[in-house]
Amino acid sequence: MLMLEVVLPLVILSVSLAFAYIWSRHKPQKKKQIVWGITLIIVVGPFFSWLIGGLYATFGSVETTGWAEIVYPMLIFPVICLVGVWCLIKGIINKEKVS
């Protein structure tokens, strides 16, 4: 059970963040913001909230009713997605500087 609740989202999150970092490393600022906005919305939001919910349900709560795995992702996911949408819109609206 620990594998599904903690290790799996941690591995997916780590691999996806490494891929996004490598993909946006030598890009202009506009492209970086677009890549990181999409990454926050699609990868970080769901898997980070799943990881926090699983960690709290496994190690943090005295009673193991499973509500932590439902409530914490419902609170964390929209916040991360809003940050991702903000970053994506900022990347789309920004104009690239002409040298």
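A few remarks follow.
- Size of region 9-48 as Cα extents on the principal axes (Å, biggest first): 30, 16, 8
- Size descriptors for the chain: radius of gyration and Dmax over Cα atoms are 16.2, 60 Å.
- For region 72-81, Karplus couplings with θ = phi - 60° (6.51, -1.76, 1.60), whole Hz, Gly/Pro x: 4, x, 5, 8, 7, 4, x, 5, 5, 5
- Seen against the Cα atoms of the chain and their longest principal axis, helix 8-23 is set at about 10 degrees.
- Counting lysine pairs in the chain whose alpha carbons fall under 12 angstrom apart, excluding pairs fewer than 8 residues apart on the same chain, gives 6.
- The chain: angle of helix 29-39 to the longest principal axis, Cα-based, in degrees nearest 10: 20
Computed from the coordinates by the stated procedures, all read-outs in this text should not be read as laboratory data. What you are looking at is a predicted structure, and each value in this text was computed from that prediction instead of being measured.
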